[in-house]
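So the structure is just underneath, and the comments pick up after that.
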Amino acid sequence: MTDTAIRPPVNVYWVPGCSSCLRVKEYLTSHGVAFKSRNIHDDPTAMADLASLGVRRVPIVQVGQEWADGQALKDVAQLCGIDFSAPGPLPPAVLGERVEAILNKGLEEGHNLKPEILAEEIPGGQGRTYADLYFHVFHIVETFLKHDEGVPVTFASYQHLPAPERKKLEDLLAYGNDIKLWVCAWLKQNVQSYPWEAPADVYYGQQSIHGLLERTAWHSGQHLRQILWRLDKADQQNRLAAAQPLFERLPMPNAVWTQQTE
């Protein structure tokens, strides 16, 4: 890391339950970058300060009047004076296999989500429940598939929640199975010949479609980890540890929840 003695302080704007927020805070900490943690739900001035930069989303890393989207670690590294290095993404075929395996594991373990767990608020969830989180495991993959149909990936793309009347387990499982079948068919047709290094239409900077597939795998996988964590809490069956091979070499956070790093 370069000399930061004269640099303005680093601010990280984030919200609980945000996987990319957790990842960027871990990244800065691992590189010895001190930062002020600005939870926009708890910090009364954080949202106004964020808006003064011309952005209204998280995670955002700010140094003076410059900022980077926390989902683009290369941009964060440049902003904070970190010598960026990262292993390249897994090949698309391997990432596709991981996505399929993550969804299969989600469907397998989803049958263990009792109604009281589905209705429970997730840690720091601001009203979001485990039903919402379970939906998100699959919706992240749907967002990738819709990108192939010409739908840009916006910040709002990852904010969708199931309709209140569609939060029963049978509805969530049916939705998840539909997405699994869709992505399996799509990968079978496209994985070997797709223009993976073409630019993706995403809101968080320059990104290839290969990079978007990697983000899809680790993002969906992180929320599956959180589901498995909650099921383990209920019956101590160590599902999370057993599922670890699904997540190897995916650039996901080390912690399952933000509270584990605070």
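The values are calculated or read from the model by the stated rules, or taken from the named source; none is laboratory data. On a predicted model such as this, the values are computed, not experimentally measured, just so you know. In this analysis, Cβ positions are derived from the backbone assuming ideal geometry, glycine residues included, and neighbour counts consider all displayed protein chains.
Laid out as a table, the results:
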{"item": "Answer from Thr216, Thr258 - the residue that is touching a helix residue (DSSP H, G or I) at 6+ places or on another chain (Cβ under 9 Å), touching a residue at least 12 places away in the same chain (Cβ under 8 Å) and not assigned by TED's automatic domain parsing to the domain that holds Glu121", "result": "Thr258"}
{"item": "Number of the exception - Arg249 against (1) part of a loop (DSSP other than H, G, I, E, B); (2) more than 20 Å from Glu97 (Cα to Cα)", "result": "(2)"}
{"item": "Condition broken by Glu197, with the remaining ones in (1) touching a Ser or Thr at 6+ places or on another chain (Cβ under 7 Å); (2) not in a loop (DSSP other than H, G, I, E, B) satisfied", "result": "(2)"}
{"item": "Any hit, the stretch 59-78, residues being outside the structural domain of Leu231 (by TED's automatic domain parsing) and under 21 Å from Ala243 (Cβ atoms)", "result": "no"}
{"item": "Filter result (within 18 Å of Asp132 (Cα to Cα) and of a type in the set (Gly, Ala, Ser)) within the stretch 218-249", "result": "Ser220, Gly221"}
{"item": "Failed item in (1) within 19 Å of Val202 (Cβ to Cβ); (2) of a type outside the set (Ser, Thr, Tyr); (3) not assigned by TED's automatic domain parsing to the domain that holds Lys25, with Pro123 passing the rest", "result": "(1)"}
{"item": "The stretch 41-56 residues that are farther than 22 Å from Tyr204 by Cβ and modelled with pLDDT under 90, paired with ones that are surrounded by fewer than 12 Cβ atoms within 10 Å (Cβ to Cβ) and of a type in the set (Lys, Arg) (beta carbon under 8 Å, 6 or more apart)", "result": "none"}
{"item": "Filtered residue count, the stretch 121-137, keeping only those that are assigned to a loop (DSSP other than H, G, I, E, B) and either in contact with a Gly (Cβ under 8 Å, 6 or more places away or on another chain) or touching a residue at least 60 places away in the same chain (Cβ under 8 Å) (or both)", "result": "6"}
{"item": "For Ala93: the one exception among (1) small (Gly, Ala, Ser); (2) closer than 29 Å to Leu145 by Cα; (3) touching a strand residue (DSSP E or B) at 6+ places or on another chain (Cβ under 6 Å)", "result": "(3)"}
{"item": "Number of the exception - Val58 against (1) surrounded by fewer than 19 Cβ atoms within 10 Å (Cβ to Cβ); (2) touching a Ser or Thr at 6+ places or on another chain (Cβ under 9 Å); (3) aliphatic (A, V, I, L, M); (4) within 18 Å of Val24 (Cα to Cα)", "result": "(1)"}
{"item": "Given (1) modelled with pLDDT of 95 or more; (2) more than 16 Å from Ala174 (Cα to Cα); (3) of a type outside the set (Lys, Arg), number of the condition Glu109 does not satisfy", "result": "(2)"}
{"item": "All positions within the stretch 5-32 that are within 25 Å of Tyr203 (Cα to Cα) and not in a helix (DSSP H, G or I)", "result": "Val10, Asn11, Val12, Tyr13, Trp14, Val15, Pro16, Gly17, Cys18"}
{"item": "Contacts under 9 angstrom Cβ, first residue in the stretch 231-247 being under 14 Å from Asn112 (Cα atoms), partner small (Gly, Ala, Ser) and surrounded by fewer than 17 Cβ atoms within 10 Å (Cβ to Cβ), 6 or more apart", "result": "Asp232/Ala241"}
